[in-house]
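Have a look at the structure below, then the notes.
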Amino acid sequence: MSEAAGTFYSERMHDSGIEPLFIDEPAHSPGDLPAEQQTVWQELLSVALRLPTALEAGLRHRNDLALNDYLVLSLLAGAPNVSLRMTTLAQASNQSGARTTQLVGRLELRGLVERRTGDVDGRAIVATLTADGLALLEAASPAYAKDVQARVFDNLTAEQVEQLRAIVGSIDTSLR
């Protein structure tokens, strides 16, 4: 792994809150995987990187939303009183606190979200979805759902969807 790639990897791992499993071992190239696993890994990584880009392209074109914007608006829409503490929002969206603050700041400038001091202790900052934010989310959701359906689920049988659920669950468990 190059020094630049190692730095990116370390920063990305730090930002995500995920700890590396083997911090004392030397870095190995993905070529150290068995050939069959290497092929599957490259395919998974390719899909994992291209799918969000493809989904975001539709959101940006139709609604001027990034995928993370859509995620944050969706999380707020599903929350009690369409509000979440910023720390909770950061955790739920798998983003750092700083990145969530920047993202919510951009959404706030567009009138889609409001920030205020928390009611309970006065220290927490709470993000709340505005009526305009909800309207944009409702306008974006049908096309986004069709895009996800076409790019993911239309290509799978019901049995494959269940297998995918199990596979994703297993991988997710290793990330916690």
In the range 33-67, the residues that are more than 17 Å from Arg151 (Cα to Cα) and touching a Lys or Arg at 6+ places or on another chain (Cβ under 8 Å): Ala66
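Listed here are the residues, each with its yes/no results for (1) in contact (Cβ under 8 Å) with a residue 12 or more places away in the chain; (2) surrounded by 10 or more Cβ atoms within 10 Å (Cβ to Cβ); (3) in a helix (DSSP H, G or I).
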residue	(1), (2), (3)
Gly133	yes, yes, yes
Leu136	yes, yes, yes
Tyr144	yes, yes, yes
Asp147	yes, yes, yes
Glu162	no, yes, yes
Ile167	no, yes, yes
Ser170	no, no, yes
Thr173	no, no, yes
Residues (in a helix (DSSP H, G or I) and either surrounded by 12 or more Cβ atoms within 10 Å (Cβ to Cβ) or of a type in the set (Asp, Glu) (or both)) located in the range 106-124: Arg106, Leu107, Glu108
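Hey, among the residues in the range 67-105 that are in a loop (DSSP other than H, G, I, E, B) and surrounded by fewer than 16 Cβ atoms within 10 Å (Cβ to Cβ), which one's nearest to the chain's Cα centre (by Cα)?
Going residue by residue through the range 67-105, those that are in a loop (DSSP other than H, G, I, E, B) are 78-79, 93-96.
Add one more test, that the residue is surrounded by fewer than 16 Cβ atoms within 10 Å (Cβ to Cβ), and what stays is 78, 94, 96.
Details: Gly78: 16, Asn94: 6, Ser96: 11 Å.
Ranking the candidates gives Asn94 first.
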Residue in the range 99-106 that is touching a strand residue (DSSP E or B) at 6+ places or on another chain (Cβ under 9 Å), without any contact (Cβ under 8 Å) to a residue 12 or more places away in the chain and not basic (Lys, Arg) present: yes
Test: residue in the range 135-154 that is farther than 20 Å from Leu55 by Cβ and of a type outside the set (A, V, I, L, M, F, W, C): no
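I need the full set of residues from the range 149-160 which are of a type outside the set (Val, Ile, Thr) and either closer than 20 Å to Thr101 by Cα or not in a helix (DSSP H, G or I) (or both), in order please.
Leu156
Read the figures in this text as sums done on the coordinates, not as results from a lab. What you see is a predicted model; the values in this text were computed from it and never measured. No Cβ is skipped: glycine too gets one built from the backbone with ideal geometry, and neighbour counts run over all protein chains shown.
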